[in-house]
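Below is one structure; the comments refer to it alone.
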Amino acid sequence: MITLFACLGSGNCYKPWLAMTQLGIPFELELIDVLKGEQKSPDYLRVNPLGVVPYLLLNDGRGIGESNAMLWYLAEGSNLMPGTAEARAEALQWMFFEQSKLEPFISPARFFTTILPEERERRATDIAQWQVAASTGLARLDAHLSGRKFMLPEGFTIADIAIFGYVHVLEEAGLKMADYPAIYRWCEAVRHVDGYRALAELGSDLNQAA
């Protein structure tokens, strides 16, 4: 069975978790506490020498890093994979955009604003710079989504999951969703897709089993 190594609260870890949940792919979830440094433990480094999460360990022992690469692998042959070469290229374009223009700024601003708030004051200058940089990408995304239900004309795909991972929690980074009305409408559409589960639910099945 596929194993997903992930940490709670991470938008990048959320992406493959949500995709497998929506596609009904059986998998095991192994939680790694990055605040305690478990991603650098000898046991985990034997699994993933890079010492980062998320990480997808396949049935044959091979592994896949990078959340958007995991999405591409998991969506193969499913309704989440865009159906034409042109649509797949557009999906990749937005997935690259997410990792270069959105995640690198929303993620750290959110981390030091919400996840580790005791560092918020010390990192105030950095947070402000990340917010400004994120706003540029968010404005472009909002313009793209104006008049659209999902990222691509054909409907909900891995492009939506990739973008949604961190964009839907932008307020936890100190940004205002009200500034991006098209993004807000799109987030609501994603939440109403069959099989949707919230980021806060990541790990909840393990808690129930315990």
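The values are calculated or read from the model by the stated rules, or taken from the named source; none is laboratory data. These numbers come from a predicted model, not from an experiment. Methodologically, a virtual Cβ is constructed for each residue, glycine included, from the backbone with ideal geometry; neighbour enumeration extends over all protein chains shown.
Mind checking which pairs have a first residue in region 42-56 that is at positive phi and a second that is assigned to a helix (DSSP H, G or I), Cβ under 8 Å, 6 or more apart or different chains?
Once the first residue is at positive phi and sits in region 42-56, its partners that are assigned to a helix (DSSP H, G or I) give Gly51/Gln39; Gly51/Lys40; Gly51/Tyr44; Gly51/Leu45.
Which of the residues that make up region 157-193 are in contact (Cβ under 8 Å) with a residue 24 or more places away in the chain and more than 15 Å from the chain's Cα centre (by Cα)? Give the steps one after another, and end with the answer.
Here is the first cut: in region 157-193, the residues in contact (Cβ under 8 Å) with a residue 24 or more places away in the chain are 157-170, 172-175, 179-183, 185-186, 189-190, 193.
Result: Gly174, Leu175, Asp179, Tyr180, Pro181, Ala182, Ile183, Arg185, Trp186, Ala189, Val193.
Step by step: first the residues of region 41-80, then only those that are charged (D, E, K, R) and part of a loop (DSSP other than H, G, I, E, B), then the one that is farthest from the chain's Cα centre (by Cα). Which residue is that?
So the first thing to find is which residues in region 41-80 are charged (D, E, K, R), and the list is 43, 46, 60, 62, 66, 76.
Filter once more, so that each one left must be part of a loop (DSSP other than H, G, I, E, B): 60, 62, 66, 76.
Numbers: Asp60: 25, Arg62: 22, Glu66: 10, Glu76: 18 Å.
By that ranking, first place goes to Asp60.
Can you spot a residue in region 12-21 that is part of a loop (DSSP other than H, G, I, E, B) and either surrounded by 12 or more Cβ atoms within 10 Å (Cβ to Cβ) or free of Cβ contacts under 8 Å to residues at least 12 places away in the same chain (or both)?
Taking region 12-21 and keeping what is part of a loop (DSSP other than H, G, I, E, B), we get none.
For region 12-21, residues part of a loop (DSSP other than H, G, I, E, B) and either surrounded by 12 or more Cβ atoms within 10 Å (Cβ to Cβ) or free of Cβ contacts under 8 Å to residues at least 12 places away in the same chain (or both): absent.
Would you be able to say whether some residue in region 70-88 is at pLDDT 95 or above, hydrophobic (A, V, I, L, M, F, W, C) and more than 20 Å from Phe150 (Cα to Cα)? Break it down into steps so the answer makes sense when it comes.
Within region 70-88, the subset at pLDDT 95 or above is 70-88.
When the remaining residues are screened for being hydrophobic (A, V, I, L, M, F, W, C), the result is 70-72, 74-75, 80-81, 85, 87.
Retained after the next criterion (residues that are more than 20 Å from Phe150 (Cα to Cα)): 70.
Yes.
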